[in-house]
1. How many nm separate the modelled label positions at Arg89 and Asp115, each set 7 Å beyond the Cα in the direction of the Cβ?
2. Say R0 is 25 Å: what FRET efficiency, to the nearest 0.05, do Asp74 and Gln96 get from their beta-carbon distance?
Amino acid sequence: MSFCSLARPAFPPLPALPPVFPIAAVVLGFIAWWPIGLALLLLWKGAAFYGWQAAQRERIPAWPRSSSGNTAFDEHRAEMLRRLEEERRALDAQQQEFAEFLEQLKRARDREEFDRFMASRRG
């Protein structure tokens, strides 16, 4: 049993209705009293978003957690996963360095613009 099968929506999914009914309900809810319209809109869009998430989750294959029965393959898989994790950490570090570099460039550009502004004010 996978984790995905245990997930339950926070609210029951809405029955399949023609799109006119939920739209009309939301519009009438806003006309009657805006919190009702907002609640209906959140229910309608939340149900649609949950359905999209569930469809996305079903497409992603689960990583096999148990042994395949072949120790050589299991060792190879463990080594590959370790190398991939190292590569991911290296890429995360490079991404952080690049973000810091961009921040330094922004600060230098801001300082240059400020200095130019102050020089034009004095002169």
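1. 4.0
2. Numbers: r = 33 Å, r/R0 = 1.32.
Between Asp74 and Gln96 the formula returns 0.15.
Readers should treat all values here as calculations from the given coordinates under stated rules, not as data from a laboratory. Since this is a predicted model, take the numbers as computed values, not measurements. Because the Cβ atoms are built from the backbone with ideal geometry, glycine has one as well, and the counts that use them run over all protein chains shown.
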